[in-house]
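Here the structure comes first, spelled out in structure tokens, and everything after it is commentary.
The values are calculated or read from the model by the stated rules, or taken from the named source; none is laboratory data. Treat the numbers as computed from the prediction; the structure is a model and nothing was measured. For neighbour counting, all protein chains shown are included, and Cβ atoms are generated from backbone atoms with ideal geometry for every residue, glycine included.
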Amino acid sequence: MSAPPVRFGVIGVGGMGASHAGFLAEMPETRLVAVADIDSGRAASVARATGCEAEADYQQLLARSDIEAVIIATPHPLHAEMTRAAATRGIHVLSEKPLAASVAAADAMIEACRAHGVMLGTVFQQRTEPSRRAMQEMIARGELGALVRVSLSVTLYRPQSYYDSAPWRGTWRGEGGGILMQAAHALDQLVWLGGMPARVQALTLTRLHQIETENTAIAILDYGGGKAGWFTISTADTLGGERLEISGDRGALVWENDRLRHFEVPKPMSEHLPSAPWMFESLGGWWREVETAAAVSNDPQSYREIVRAFARAVRSGDASAMLATGEDGLRSLELANAIALAGRCGGAVELPLDRARYEAMSQGLCGDSIAEGFGSQSC
Ligand SMILES: NC(=O)c1ccc[n+]([C@@H]2O[C@H](COP(=O)([O-])OP(=O)(O)OC[C@H]3O[C@@H](n4cnc5c(N)ncnc54)[C@H](O)[C@@H]3O)[C@@H](O)[C@H]2O)c1
């Protein structure tokens, strides 16, 4: 007999939350019980469309005795407080990305869920894409050997109207940062596939958009032991798309806009490089297309897979059933915060990130507008 569906609530039913509500109402593994939003008209309309109840606020939703788990899809600075409130009532939390606005807030979410014995997951639906899974499996099997370089370039082009669509977008108080908060998926891919750097240096800037936060970041990643990389992301760049290169001792992978290619070499670089007799001798190698199932980038199916895995973890009590945990959300956010700090303050920033130093910087930027004279003293 199959397990009974997990009874969910959704907090925040704007763009993302309304989609989650629809999935939860349809899937056999889940049941949508109620939604809450400070916009009561929006909550009522989603409740009507999905056949669930609308609660006046999130506290009332959490106070219901029939909710086992919530999806939190409000602006990210609200995720931590809502997670703490849910965990305190023994309710499992699947949080939208980024997990929170700052790594200290994400630490508190993880601690609250641990203390109350509930699951904490992150909506990293890109992890379900077949070509990205293939990369992760090839790296885990050692097909590339020890990694030497990880490079990722992403453009999420957005016109000004995107930032004008909601007052919280592109502000420090409302979003806890700019493109680096939108970079959650990209940074998750970097960490999931390439590991966590030991230190970062960065340039962050704002071009063309009328916003408070950065819309462009370029970072140098130092993993130690000769492994290094770079990361660039922008919402104001003519060249769109995404390109990821991962290079190892025994080969390399290039993922570009859903196409995955594997470069194989006849001999590991660590053997060829010290011993090749001719000074210009090439390492050689050949390209191979890696065939995977069709890409499902941001397909509804990818969100369903994340939710289904989370529901399985709740029913089984086994956190390893999740495709992305709270700790995974933390790592992506920690890298985002480190790059923001390096961009603002200059110099190299070590990981694990100094939480107090990051809080001092971000709080200095969370005034009604960017604090006058904010400068190196807060770095
Ligand atoms: N996984 C993804 O690919 C993906 C895509 C888009 C957005 N997101 C994330 O989802 C979250 C929401 O983004 P969105 O684009 O849906 O934003 P949105 O502005 O469309 O929706 C946010 C909703 O939260 C509600 N809200 C605000 N404060 C609230 C409160 N105190 N209590 C209850 N409801 C409240 C708002 O009224 C609104 O309906 C963000 O963290 C965002 O980063 C994730």
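Screening V35, V46 for residues that are among the hydrophobic types (A, V, I, L, M, F, W, C), without any contact (Cβ under 8 Å) to a residue 40 or more places away in the chain, within 23 Å of P167 (Cβ to Cβ) and part of a strand (DSSP E or B) leaves exactly one candidate, V35. Would you say V150 is over 14 Å from the mean Cα position of the chain (by Cα) and under 21 Å from N257 (Cβ atoms)? Here the answer is yes, as V150 does meet what is asked. Here is the figure for region 2-24: residues that are of a type in the set (A, V, I, L, M), modelled with pLDDT of 95 or more and not in a strand (DSSP E or B) total 5. Restricting S234, S275 to residues that are farther than 28 Å from A183 by Cβ and not charged (D, E, K, R) narrows the list to S275. At least 3 residues being within 16 Å of the ligand (Cβ to nearest atom) is the threshold, and among the helices (runs of 4 or more DSSP H) wholly inside region 55-149 those reaching it are 58-63, 79-88, 103-115. In region 150-172, what residues are more than 12 Å from the ligand (Cβ to nearest atom) and surrounded by fewer than 18 Cβ atoms within 10 Å (Cβ to Cβ)? Scanning region 150-172 gives Y157, P159, Q160, S161, D164.
Note on region 45-54: residues that are small (G, A, S) and more than 12 Å from the ligand (Cβ to nearest atom) total 3.
Please find, within region 81-114, the residue that is surrounded by the fewest Cβ atoms within 10 Å (Cβ to Cβ) out of those that are over 19 Å from D354 (Cβ atoms) and among the small types (G, A, S). Among residues in region 81-114 that are over 19 Å from D354 (Cβ atoms) and among the small types (G, A, S), the one surrounded by the fewest Cβ atoms within 10 Å (Cβ to Cβ) is G90. Of the residues screened, L260 is one that is on the phi < 0 side of the Ramachandran plot, surrounded by 17 or more Cβ atoms within 10 Å (Cβ to Cβ) and outside the structural domain of E68 (by TED's automatic domain parsing). Just one of the listed residues (T206, T232, T216) is of a type in the set (V, I, T) and more than 20 Å from T171 (Cα to Cα), and it is T232.
One line per residue, one yes/no per condition, for (1) within 15 Å of F8 (Cβ to Cβ); (2) at pLDDT below 95; (3) touching a Ser or Thr at 6+ places or on another chain (Cβ under 7 Å); (4) acidic (D, E):
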| position | (1), (2), (3), (4) |
| --- | --- |
| S40 | no, no, no, no |
| E53 | yes, no, no, yes |
| A73 | yes, no, no, no |
| K97 | no, no, yes, no |
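Inspect region 334-341 for any residue being surrounded by 16 or more Cβ atoms within 10 Å (Cβ to Cβ) and modelled with pLDDT under 95 and give the result as yes or no. Looking through region 334-341, none of the residues is surrounded by 16 or more Cβ atoms within 10 Å (Cβ to Cβ) and modelled with pLDDT under 95. Within region 21-36, does at least one residue satisfy the condition of being within 11 Å of the ligand (Cβ to nearest atom) and surrounded by fewer than 21 Cβ atoms within 10 Å (Cβ to Cβ)? Scanning region 21-36, I find no residue that is within 11 Å of the ligand (Cβ to nearest atom) and surrounded by fewer than 21 Cβ atoms within 10 Å (Cβ to Cβ), so the answer is no.
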